[in-house]
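Working notes, beginning with the structure itself.
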Amino acid sequence: MSESVRSRYGTDSDGQMRRMTRRRPPIDLVHADGGPDDRGLMIWIAALGWPLSDALSGSGGHRWAGLALIAAVAVLYAATLRTVFDARYPMRLPLALLAAQTAATAAALGWLGRPWLAAVGVLGVAAGAVAGHLPRPGGGIEWAMLLVIGGATVPVTAAARLGGLAWDAAISALWVTGTAALVTAIVIRLFLLIGMLRDAREELAEAAVERERLRFSRDLHDLLGHTLSLMVVKAQAVRLVAGRDPAVAAQQAADIETVGREALGEVRQAVAGYRGRGLAAEFEAARAALADAGVEPVVRRTGPPLPDAADALLGWAVREGVTNVIRHSGARTCTLTLRNGGGSAVLEVADDGRGGAPRGGHGLRGLRERVGEAGGEVAAGPRPDGGFLLTVTVGTEEFPA
């Protein structure tokens, strides 16, 4: 990971390290992949247009001083945002830049008057960006955040009064600076929380897959370990007595065949238990897995019961579809719909996530092959209104009742 995307951390009261931010592209609340950045907040520099217009008009005879202050505030604002969103810089640097911007804005407001009231909003956004990246306490009031916001709000309010502006102008400076700072800080903290929740959901999904893999490995070992060991011992016996006692060797070989057939049957039963538990069991497992991953499950089922083979096949499709939703979609809701009637059954697994198909996996390919062998069809792709839709259609008359 490059330094430009290295996480900035804060320490809570329990001594645990928590990620505060990463420099990432902007995101929306649904897919939560990062958060606001310096480029997104740079638009507020346009508020300096009011004092710029006043300076260019030469009002008060301070054109060049006004232009110099505008340039200084703009540069300090940009530098504050740039450094606070990039973890390569220590937090004390954006704090120092914010202090300098506060001083320049307060001086301009007190000296040049009302046209500079628009600049306090720019200061508020910068203060909120810095406050939003401060280390989070374990609980209680966030005094550091309030101190930073107050450190920007109080000087410009005092400068407005000391510069001769009326109380309404001073209150406007107080309100605009404080509100802009609080809103910006809260938005940044919200996106950081969303990112933490997204990471936790991905970790839960990976942990669930890993537990299933370990369970399969353990069950397979318990199932075949003894049987294969017995087959090896009997094969060694065949090799040792084949030349001396063909009858004994033939009996041992017959035992190997019997044990092998029994093991094959047990493996088929185990695989059937993993891949085809049936719709009822898969729907219940899907509800639990989706809820654990932070996805709201919705299950709808209409029509009569399915033949056993069709029930097992669609149960396997439910497992594959739900696994992809948990691992790849970033969805908030997953809807499982089964419609049985008219000689066919249709299963739909729909989510409101990113709408992209999983890359590099063989699950959907294997599902198409398995359903195709049964004369059914599989369709998968993005939904027109967002999200992803997996549709599996099988003819129930093709399966014995």
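Each reported figure results from applying straightforward, stated rules to the coordinates on display, with no laboratory input. Keep in mind the model is a prediction, meaning the values are calculated, not measured. Glycine gets a Cβ as well: all are built from the backbone with ideal geometry, and neighbour counts include every protein chain shown.
Normalising by residue count, segment 148-205 has a Cα convex hull of 49 Å³ per residue.
Each peptide among 187-199, 374-386 gets the average number of other Cβ atoms lying within 10 Å of its residues, and from highest to lowest they stand as 187-199, 374-386. 3J(HN,Hα) along segment 301-315, derived from phi through the Karplus expression 6.51 cos²θ - 1.76 cosθ + 1.60 where θ = phi - 60°, amounts to 9, 10, x, x, x, 8, x, 4, 5, 5, 4, 5, 5, 6, x Hz, with x in place of Gly and Pro.
Ranked by the mean number of other Cβ atoms within 10 Å of their residues, highest first, the peptides 126-133, 169-176, 251-258 come out as 126-133, 169-176, 251-258.
Backbone geometry of segment 91-100 corresponds, through the Karplus equation with coefficients 6.51, -1.76 and 1.60 at θ = phi - 60°, to 3J(HN,Hα) couplings of 4, 5, 5, x, 5, 5, 5, 5, 4, 5 Hz, x marking Gly and Pro. According to the calculation over all Cα-Cα pairs in segment 282-392, the P(r) per 5 Å bin from zero is 2, 12, 25, 25, 20, 11, 4, 0 %. Work from the charge dipole of segment 279-398 (Cβ charges, +1 for Lys and Arg, -1 for Asp and Glu, about the Cα centre) and give the residue of Val371, Thr396, Pro297 farthest towards its positive end. Looking along the dipole axis, the top candidate is Pro297. What the phi angles of segment 190-206 give under the Karplus curve with 6.51, -1.76 and 1.60, with θ = phi - 60°, is a coupling list of 4, 5, 5, 5, 4, x, 5, 5, 5, 4, 5, 5, 5, 5, 5, 5, 5 Hz, glycine and proline written as x.
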